[in-house]
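Beneath this line is the structure, given in structure tokens, with notes to follow.
The values are calculated or read from the model by the stated rules, or taken from the named source; none is laboratory data. Bear in mind that the values here come from a model prediction, so they are computed numbers and not experimental data. Virtual Cβ from ideal backbone geometry, glycine too; neighbours counted across all protein chains shown.
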Amino acid sequence: MPIYMDRHYIEGATRHTIANAHEKDLAIQSKYGVNFLTYWFDETRCTAFCLVEAPTKEAIQKAHDEAHGAVPNEIIQVDPTVVEAFLGRVKDPPPTDNTTPTGNYVPRDAALRVIMFTDLKDSTAMTTRLGEAKALHLLHIHNAFTRNALREHSGREVKHLGDGIMASFASIVQALDCAISIQKTLASFNCENAETPLHLRIGLSAGEPVEDDNDLFGATVQLAARLCSHAKPDQILATKDVIEHFGGEISLFSHLGLVMPKGFDQAIPVYEVHWRGSN
């Protein structure tokens, strides 16, 4: 059966009321031939996201309606492997202390994710200038530096892009620290390898998995990719959502004004992340 993700906006909901609604979904699911796999809840934004195996979207709506009346605002079909890459799981975790009295999971994980794109400058030209073997070796160095930083900062690699990587983070701070760490590591490498430097562009955007389109993290992914393309070599650019959810020292950023990303119908504010000299 297809796998769907739905989005609910439930004003005033708490972790425990959402966990109770999930239990009610599980109790009624067989009647409608659906399987509620897991869910995410953001108490601050009053949004919940359910991952459901179901024959149709209508079956999900009917099951939710009978179970507790909270019919989803939007439902999209998803690939479970992509969901796991972005969000880290496709089923409820094993029971822990963070459960209801009946043992069902009460999530602390909101579905908001920071998406990071990296792009290595002139990767194609490197092959012409240095030869295929040397260029491939340098690309592997970029991959190793990026993946090491992802491991150190709890990032998840979603896709390798040939001359860059798309990654996902549950934490704004971890995403920013990872991007800064990558640029600092490359800067150190370049000091010791002046003849074959590596210069990277990085774009960061934050958002929720189900938005107003029919693609998982659709606009968030597109914005991160567009900012990565817009960035200069050795630069980190971020959207306003990343800055607003950061909550840390605002001097880390400078506002660069508005840009009109390709495929978007309005200009967006863009911020540079200052990584040189940061702790």
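Some observations on this one:
- Residue 159 being assigned to a helix (DSSP H, G or I), outside the structural domain of residue 51 (by TED's automatic domain parsing) and either touching a helix residue (DSSP H, G or I) at 6+ places or on another chain (Cβ under 7 Å) or in contact (Cβ under 8 Å) with a residue 40 or more places away in the chain (or both): no
- Residue 70 vs. criteria assigned to a helix (DSSP H, G or I) and crowded, with 17+ Cβ neighbours inside 10 Å: no
- Of residues in segment 131-156 being assigned to a loop (DSSP other than H, G, I, E, B) and among the small types (Gly, Ala, Ser), the one farthest from residue 222 (Cα to Cα): 131
- Failed item in (1) part of a helix (DSSP H, G or I); (2) closer than 24 Å to residue 227 by Cβ, with residue 128 passing the rest: (2)
- Qualifying residue in segment 178-187 (condition: of a type in the set (Lys, Arg), in contact (Cβ under 8 Å) with a residue 24 or more places away in the chain and within 15 Å of residue 268 (Cβ to Cβ)): no
- Test for residue 6: is it touching a His at 6+ places or on another chain (Cβ under 9 Å), among the acidic types (Asp, Glu) and part of a helix (DSSP H, G or I): no
- Qualifying residue in segment 17-36 (condition: among the charged types (D, E, K, R) and within 25 Å of the chain's Cα centre (by Cα)): no
- Counted residues, segment 209-251 - those being of a type in the set (A, V, I, L, M), in contact with a Leu (Cβ under 8 Å, 6 or more places away or on another chain), more than 13 Å from residue 268 (Cα to Cα) and not in a strand (DSSP E or B): 2
- The single condition from (1) polar (S, T, N, Q); (2) surrounded by fewer than 22 Cβ atoms within 10 Å (Cβ to Cβ); (3) touching a residue at least 60 places away in the same chain (Cβ under 8 Å) that residue 251 fails is (3).
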